1. In nm, to one decimal, how far is the modelled label at T352 from the one at A51, with both set 7 Å along Cα→Cβ?
2. Determine the gain in length on full extension of the stretch D172-E17; use 0.36 nm per residue of separation and subtract their C-alpha separation, reporting nm with one decimal.
3. With every protein chain left in place, what is the accessible area of E165 in Å² (1.4 Å probe, nearest 10)?
4. Quick check for you: with a 1.4 Å probe and neighbouring chains kept, what is the accessible area per residue of region 161-209, in Å²?
5. Given a Förster distance of 51 Å, report the FRET efficiency between A317 and A194 from their Cβ-Cβ distance, rounded to the nearest 0.05.
6. If one computes P(r) from the Cα atoms of region 216-308, what percent of pairs lie at distances over 23 Å?
7. How high is the FRET efficiency between D66 and Q34 when r is their beta carbon distance and R₀ equals 30 Å, given to the nearest 0.05?
8. ³J(HN,Hα) across region 264-271 via Karplus (A = 6.51, B = -1.76, C = 1.60, θ = phi - 60°), whole Hz, x for Gly/Pro?
Amino acid sequence: MSKRISPAQRLQAEIDEVFAGGEDLSRAIERVAQLGAQLLLQSALEAEVTAFLGRDRYQRTATSEDARAGMRNGYCPTTVKTTAGPVTLARPKVRGTTERFASQLFGKGVTKTNALESLVIAGFVRGLSTRDVEATLIEALGEQATVSKSTVSRICEEIKTQFDEWSARRLDDVELDYLFLDGSHFKYHANAAAEPVLAAWGIDTDGKPVFVGLEAAGSESGDAWEAFLTGLGERGLACPLLVISDGAPGLIGAVERTMGAALRQRCLIHRARNIVAKVSKNAQGDVKADYWAIFDLPEDVGPGIDAVKLAQSRIDAFAKRWRDSYPAAVRALLDDSESLTVYLLFPRDHWTRTRHSNFIERTFGETRRRVKVIGRLPGEHSCLSLVWAVLDRASAGWRGFTMTSTGLRLLADLRRTLHGPPTQLPQLHSENNTETDGASTDSATAIA
């Protein structure tokens with residue numbers, strides 16, 4: 001490429017090549033996010049030099065009224081740390097000036113920036129559905145920072161198409177042992193508070209992670225969760241063995257109505273937060289340690305009813321120790337305490353990951369970090385597209401579960417006891433929902 005082409009122009013061409021090359025969409029999005037950060041920072045540096053010298057590259061001094069003495073003298077590499085990873089910039093050098101040039105964006109020797117990265121994220125997020133990445137960059141840094149309209153349009157259309165196809169796909173072939181449910185709040189309607197996005201992911205019978213569903217909702221009410229779960233059933237998802245979630249009443253009720261054949265595990269991390277919040281600061285460390293000790297069972301304790309009984313006896317001991325000092329914390333522990341130990345019926349290799357729903361919550365945190373800088377997304381579809389893009393990309397790196405022969409036998413036994421023949425989630429307009437759910441609930445209760 002010609003030396004007369006600036007580093008920023010080279011980056012623009014590289015972004016276009018990523019999408020023209022037919023690379024997998026999830027990897028392409030991640031690459032463009034990093035290149036976008038690099039492009040914006042690079043454009044900012046070059047714009048600073050233009051403003052300092054008072055003229056564009058290869059513009060003669062005589063043709064600019066604001067030109068000062070000096071000239072560009074190549075570039076030196078500079079590494080900048082961003083949340084998309086370290087990026088290398090070509091930092092412009094100047095010579096022959098009467099005043100020393102120093103970047104106002106980075107200063108001397110600065111290797112980390114947050115303000116400009118926020119602009120990158122804002123542009124990237126907004127472009128997912130509104131196609132105004134170009135406008136965002138121009139507003140921030142001027143015409144030299146633009147990304148081609150064809151690139152912006154391609155990003156928007158491909159993500160929208162991929163998300164719509166993913167949301168409508170059939171789930172008949174997805175057979176889950178574990179289903180994790182969680183919601184996270186985002187602002188995407190004008191003059192409205194943050195609203196939830198409901199998500200479901202699971203571990204299938206082969207131990208592989210599966211990103212199952214994503215949907216916007218007006219609230220985390222029982223009706224909203226029930227509609228979400230029923231929709232998964234409409235697309236063919238069968239009832240899992242264990243559902244892991246927080247203790248939101250609406251969510252619990254929806255699970256019991258739509259997945260009566262499944263056992264339910266309450267997230268231990270959410271419950272720990274509830275308990276610690278009711279304890280004075282000077283005792284929080286001791287209470288928290290006692291709480292987690294409940295579930296730290298000896299290695300010779302295998303999965304089953306005996307493990308559940310041991311944990312429940314420890315819950316009683318915790319309540320006896322702390323009931324006088326912190327009765328509210330004890331009440332929080334004892335409320336629905338049976339749901340805290342259900343995971344102990346499952347393979348021991350899976351205990352550390354099936355006892356909480358914090359995994360998808362951490363991934364939601366990545367999504368919130370990306371949108372925090374813009375305050376509100378420009379609409380519901382934009383919000384869902386972004387959340388899906390981040391979760392879908394993250395799901396490629398999710399770890400599955402190890403399935404040993406002992407564990408597989410245990411899961412098979414649980415499946416026969418709970419489900420008998422595979423249990424489908426209730427369908428809309430089904431006349432047999434109530435009767436099926438009642439029988440399934442009895443089976444689950446018998447095991448627990």
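The values are calculated or read from the model by the stated rules, or taken from the named source; none is laboratory data. Note that the coordinates shown come from a computational prediction; the quantities given were computed from them, not determined experimentally. Every residue, glycine among them, receives a Cβ derived from its backbone with ideal geometry; neighbour counts consider all protein chains shown. In case anyone asks, the SASA skips ligands and DNA or RNA and just uses the protein heavy atoms, side chains included. Shrake-Rupley method; radii C 1.70, N 1.55, O 1.52, S 1.80 Å.
1. Between T352 and A51, the simple spin-label model gives 5.0 nm.
2. Numbers: separation 155, 0.36 × 155 = 55.80 nm, distance 3.71 nm.
Fully extending the segment from D172 to E17 adds 52.1 nm.
3. The accessible area comes out at roughly 110 Å².
4. On the way: 2100 Å² over 49 residues.
Normalised by residue count, the accessible surface of region 161-209 is 43 Å².
5. E(calc), rounded to 0.05, equals 0.80.
6. 44
7. Numbers: r = 35 Å, r/R0 = 1.16.
Once the sixth-power term is evaluated, E becomes 0.30.
8. Taking θ as phi minus 60°, the curve returns 10, 10, 8, 4, 5, 6, 4, 5 Hz for region 264-271.
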